[in-house]
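These notes are about the structure you will find just below.
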Amino acid sequence: MNIAIVCYPTFGGSGVVATELGIALAKMKHQVHFITYKQPVRLDLLNPNIHFHEVTVPEYPLFHYQPYELALSSKLVDSIKKYNIDILHVHYAIPHAYAGYMAKKMLAEEGLDIPMVTTLHGTDITLVGNHPFYKPAVTFSINKSDIVTSVSQSLKEDTLRLFDIEIPIEVVPNFIDTQKKKTEFTECQRDLMALPEERIVTHISNFRVVKRIGDVIEVFYRIQKQLPAKLVMVGDGPEMDAAVQQCKVLGVKDKVIFLGNSNEIEKILCFSDLFLLPSQRESFGLAALEAMSHGVPVVSTNAGGIPEVNIHGVSGYLSSVGAVNDMAANSLQILRDDRTLEQFKQNARKEAEKFDIDQIVPRYLELYESALAVI
């Protein structure tokens, strides 16, 4: 099967999932064509079944904002014809499903019919898509898709509540390749991050307001008052400066490590004892799942799709948004005792295996086949 995948080529969850899906499909001998404005960050082009086609947007003084949707839809038309693409899979309703529909219409004028699968990831629905400026276009794009999937039951319910949807939505959760998480690192490498007696608490995100970075630091401040600990902050974004200042004010600057964006996530999580995710909103909680796959228990909010991943009292604990005292108490419940921590680590790995890539990718293939069957 020749499959075209459109996604954002960034560190964000949707781009990572789309890239990992394409890599998995390529390993299954499908020809996978990524079509986007930059090579996705996790894409390895050494696989002969993986292809990348860059979308370039010519700059004209006439345009205040360059029309990426037009460039993308044109590139899709060219690529679909040139590489005999069988199915188009777009990740994110805005602008990808909209551009995909325009490409479908242009191809239809030439007698070509290609099915489009649209995967909804979160902010394309709950934040951007629900804005009055975009809502009609998002509704239209979703309804004109041949198949629509969402990454969680929570996101599906949000979509049906916020939009007038006329097409069924299939829940296909995000996934992780648990076989990649078998890497072992030596204990001396852990010493680079913390002393032997210190627990390592970790947070990974894009440091946006919705991630409630201040709550991460507040929870850690309470943890370190009760036991030796270090906080490792991975990522970058608009809340970074405020986070650094908060650490200074609370007197924990020397106990917090800001690593910025990193390609060594596996090493960091391998040594972590606890993952904090106090988000205001999460459509799924991919960062939590990645932590759990490394055997790291998660203390998180109960927002959005997180409770579908992090099971309260099993792989970690859930709290209400903003309940930093409760999150700190739950964290200490896990961290104080070695035996309890080890049990939570084992449970986290076991729960993560339910979202293994080998369980999820076949569900996408089934949807592809069903879409092709009606063409």
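The values are calculated or read from the model by the stated rules, or taken from the named source; none is laboratory data. Please read all numbers here as calculations on a predicted model, not as lab measurements. Cβ: placed from backbone, ideal geometry, glycine included. Neighbour counts: every protein chain shown.
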Checklist entry - Condition test on residue 276, is it closer than 19 Å to residue 346 by Cβ, in the same structural domain as residue 226 (by TED's automatic domain parsing), buried (at least 23 other Cβ atoms within 10 Å of the Cβ) and of a type outside the set (Phe, Trp, Tyr)? => result no
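Run down 347, 330 and say which single residue is part of a helix (DSSP H, G or I) and in contact with a Phe, Trp or Tyr (Cβ under 9 Å, 6 or more places away or on another chain). Don't jump to the end; show me each part of the working.
Numbers: 347 fails: in contact with a Phe, Trp or Tyr (Cβ under 9 Å, 6 or more places away or on another chain).
So the residue among 347, 330 that is part of a helix (DSSP H, G or I) and in contact with a Phe, Trp or Tyr (Cβ under 9 Å, 6 or more places away or on another chain) is 330.
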Checklist entry - Has the stretch 202-218 got at least one residue that is out of contact with any Pro (no Cβ under 8 Å at 6 or more places or on another chain), among the charged types (D, E, K, R) and under 30 Å from residue 365 (Cβ atoms)? => result no
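Of the residues 217, 223, which is closer than 19 Å to residue 288 by Cβ, in contact (Cβ under 8 Å) with a residue 40 or more places away in the chain and assigned to a helix (DSSP H, G or I)? Outline the logic, then answer.
Details: 217 fails: in contact (Cβ under 8 Å) with a residue 40 or more places away in the chain.
The unique qualifying residue is 223.
Which helices (runs of 4 or more DSSP H) does the stretch 96-176 wholly contain that include 3 or more residues that are without any contact (Cβ under 8 Å) to a residue 60 or more places away in the chain?
Working: elements: 98-108, 123-126, 135-143, 153-162.
Result: 98-108, 135-143, 153-162.
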Checklist entry - Hey, any hits in the stretch 232-248 for a residue that's crowded, with 23+ Cβ neighbours inside 10 Å, under 13 Å from residue 274 (Cβ atoms) and under 22 Å from the mean Cα position of the chain (by Cα)? => result no
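Working only within the stretch 330-344, note down all residues that are touching a residue at least 60 places away in the same chain (Cβ under 8 Å) and surrounded by 15 or more Cβ atoms within 10 Å (Cβ to Cβ). So that I can check it myself, show each step before the final result.
Step one: filter the stretch 330-344 for residues touching a residue at least 60 places away in the same chain (Cβ under 8 Å), giving 331-332, 334-336, 341.
Passing the criteria: 331, 332, 334, 335, 341.
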Item to check | Sole residue being touching a Gly at 6+ places or on another chain (Cβ under 6 Å), closer than 20 Å to residue 85 by Cβ and not small (Gly, Ala, Ser), chosen from 6, 32 | outcome: 32
Checklist entry - In the stretch 210-261, which residue that is touching a strand residue (DSSP E or B) at 6+ places or on another chain (Cβ under 6 Å) and of a type outside the set (A, V, I, L, M, F, W, C) is nearest to residue 302 (Cα to Cα)? => result 235
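Is it the case that residue 329 is of a type outside the set (D, E, K, R), within 15 Å of the chain's Cα centre (by Cα) and within 27 Å of residue 226 (Cα to Cα)? Please lay out each step first, then the result.
Working: of a type outside the set (D, E, K, R): yes; within 15 Å of the chain's Cα centre (by Cα): no; within 27 Å of residue 226 (Cα to Cα): yes.
Answer is no for this residue.
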